[in-house]
Every structure is written in structure tokens, then in C-alpha cells.
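Read-outs throughout are calculated quantities, based only on the coordinates presented, and are distinct from any laboratory measurement. What you see is a predicted model, and the numbers here were worked out from it, not measured in a lab. Backbone-built Cβ (ideal geometry, glycine too); neighbour counts: all protein chains shown.
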Amino acid sequence: MNLKSKIFLTVSLTIVICFFLYFLGYPKEEIPSFTAEKEVTSPLIPKPIGKSNVVFSILKTGEATTLEAFVIEGGSVFKTVTVAHSAFYIQHPKGNFLFDTGLGTKVKEQFQVFPLYLKLLMDYKPFQTAYKQLESNGIAPTSIQDVFFSHLHWDHASGLKDFPLAKIHSLPDELNQPKIELGYIPSQFDGDSVNWSYLQFQNKPYASYAKSIDWFGDGTVVFVPMKGHSEGSVGLFLHTKNGQVYFLTGDIVWRKEGFTNKSHKPRGARWIVDFDTKSLGDEIARVHDLVQNNEELQIIPAHDHDVQSKLGFYPVLVGNK
């Protein structure tokens, strides 16, 4: 090999390595400290009214194995992690409901609409659907009257039409640009058969959120708008029977360390799945601040298998005494 070829090969290899490191998130995206909105008076999570009887279960509908570096900025390229595709079944005395559905009955055919690069990046191993898990444990899926969504990306909304009798609760902004290249599969939620019931947040501060919805009016189940990952992402606070507080945060981060260490997803992943990096950084900083100020708070990102497996999967009841 002559000198010119060696120089060309060295320069090309250097460019590829630099791009790969940049793709993974080096240098890291700076996340500023959280600044509360003027309507917010306290970072403390309010107590519920009276005694809570809320419990919930995590229904793992699928999983994937990948490098830690592909799910959190600054993650290791030598460590593999499991990504969970989960739905959450919440039980309240006034009514049970789902938060996300995970991978549904028709996920295989739905997934075929993705271009090859997304199929490779989002490959998955399916488990039993939320519909089947509930049914096999004696819960009629037709009894699910409400299904709420953290957002409508493919791995959260795949089972939406498995519950045709339920009201579907989402922010209408999720339907602004549901493009396939952004991680949406329109067939999962299109057509006249979907019984939409769009969420409308009230100007009632909840901890560091200026708006919220106290669904049952007792402070045990509270929805909040979350910024950055999609146009209409939603988080859910649950005050459970055993006195714990859980925060279901959707895909703001993919691993809890994103909040505790203030880290984004890898830069390449953000290019594909995140709506607005600056707003997302603000949201990560907000949740980081909540964790610092509320010792009882337990964060559950939608895909963090390590967090979810420690709590236990369905039919295990989380939050029971």
C-alpha cells in the first residue's frame, strides 16, 4: 500500500470513528438546571386525599437486546441491556385502565411498513399481548373502558385496536405529524372505529408541573404533560396502596439513569424519535429535580427493563401492601 492510500485510509477511518462517537452522543448534550415555571410554587409531590387503594401491574409484551450505548448517552459499548415493551394496568376502586398497550395482536404486519433501517434499529422479540395476558388471568378485555397513552409511537400504540370498546385518551397534538419515519404507524390508530377522548389539561399546578389532570379527584392518579419526546407526551403519577409514589414517564428517557444523571438518549436516536431536544432537556432536568426533592418517588421509564423487572411483571401487583 502506497503512502497516499495509507493517508486516505487513515483519514477515512478517523472520520467514521468520529461520526460514530458523535452519533452515540460524544460530546454529551448539555442539560441545564431546572427552572420552575412561575405558576409552580413547590417541587414537592402533593399527598393524595385520604387513603389510596391504587395498585398496578406491568405487562411486558415484548423486549429487545442492545448495547447500553444505544439507549443512553454516554452508555457503554461493551455492556448489553434489555429494552422492555410494556403496558401498565392500573387498578382503582372507581375503574381500571391501561396506560399504553405495548405490542399488540397485529404488531408483525404493522411493523412491515417501516423502512429497512428502522426495522434493524427497532427489531423486537414479541411476548404475549396485553389483551391476552389480561384474558388469561380472568379479566375480560371488554371490561377495559379507558386506555391512556404516553404517546402514540408504534411500540406504545400497537395494541390500541385490541380494545375497541375503550375510550382512547391522548393529546390531540400526537396526531399532528404521525409519520412513519418518526416512529409512528398510522394504521394502529386511524379509521372511524377509534373512540377518541382527547385529554384536556387544567391549569392546576402539580409539583413542578403547571398543568395536570387529577383523574379520579382524589390525588391518586394524576396525569401531566411532558415536553420534548413527541408533540403530545403524557406522564402519570400513581400514589399506591403501600404509600409509594410512582411516575410513569413514557419515553422521555429510555433508562432511569437518564434522569438521575441528566443524560439524553444517544444523539442518533434523538434524530429519529425525539421531537425537540431543548424541551426534552428541560423535561429531563425537571424530573431530575423531582427525584432530588421527593425521596419516596420511583421513576418507571416505559422501556427500562431493569427497573420494571425488579418491581415484577404481571400478574404481580405493584404498590400492594
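Descriptive notes on the structure:
- Residue-wise HN-Hα couplings along segment 29-35, as the Karplus relation 6.51 cos²θ - 1.76 cosθ + 1.60 with θ = phi - 60° gives them from phi, are 6, 6, 10, x, 5, 6, 10 Hz; Gly and Pro carry x.
- Each eigenvalue of the Cα gyration tensor of segment 140-194, multiplied by 5 and square-rooted, gives one semi-axis; in descending order these are 20, 11, 10 Å.
- Debye, to nearest 20: dipole size of segment 31-311, +1 on Lys, Arg Cβ, -1 on Asp, Glu Cβ: 360
- Subtracting the Cα-Cα distance of Glu37 and Lys125 from their residue separation scaled by 0.36 nm leaves 27.6 nm.
- Here the 3J(HN,Hα) profile of segment 280-287, calculated from phi with Karplus coefficients 6.51, -1.76 and 1.60 at θ = phi - 60°, is 5, x, 4, 5, 4, 5, 5, 5 Hz, Gly and Pro shown as x.
- Relative contact order of segment 156-205, taken over Cα pairs closer than 8 Å and 6 or more residues apart, is 50 percent.
- Rounded to whole numbers, the Karplus 3J(HN,Hα) couplings from phi for segment 170-185 are 7, 6, x, 4, 4, 9, 5, 9, x, 8, 4, 5, 9, x, 9, 10 Hz, using 6.51 cos²θ - 1.76 cosθ + 1.60 with θ = phi - 60°, and x at Gly and Pro.
- Put in line by how crowded their Cβ is, counting other Cβ atoms within 10 Å and starting with the fewest, His156, His305 read His305, His156.
- Using a simple spin-label model with pseudo-atoms 7 Å out from Cα toward Cβ, Gln145 and Lys278 lie 4.4 nm apart.
- Calculated log₁₀ intensity ratio I(q)/I(0) where the Debye formula runs over C-alpha points of segment 235-277, q = 0.19, 0.25, 0.33 Å⁻¹: -0.66, -0.91, -1.16
- Of all DSSP beta bridges confined to the chain, the antiparallel ones make up roughly 75%.
- Percentage relative contact order, segment 176-288, counting C-alpha pairs under 8 Å, at least six apart: 20
- 10 Å-binned pair-distance histogram of segment 227-299 (Cα, whole percent): 20, 52, 23, 5, 0
- Considered as an equivalent ellipsoid built on the Cα gyration tensor, the chain has semi-axes of 34, 24, 18 Å, the largest given first.
- Calculated FRET efficiency for the pair Val77/Tyr198, C-beta based, R₀ 51 Å, to 0.05: 0.75
- Ranking of Met226, Met122 by count of other Cβ atoms within 10 Å, fewest first: Met122, Met226
- Between the helical axis of 3-24 and the longest alpha-carbon principal axis of the chain there is an angle of about 10 degrees.
- For Lys28, residues with placed amide H under 5 Å, excluding near neighbours: none
- Distance violations [Cα-Cα > 32 Å] among Lys108/Lys211; Lys132/Lys278; Lys119/Lys310; Lys28/Lys167: Lys108/Lys211; Lys132/Lys278; Lys28/Lys167
- Protection proxy ranking, peptides 69-76, 280-287, 248-255, 106-113, average beta carbon neighbours within 10 Å, highest first: 248-255, 280-287, 69-76, 106-113
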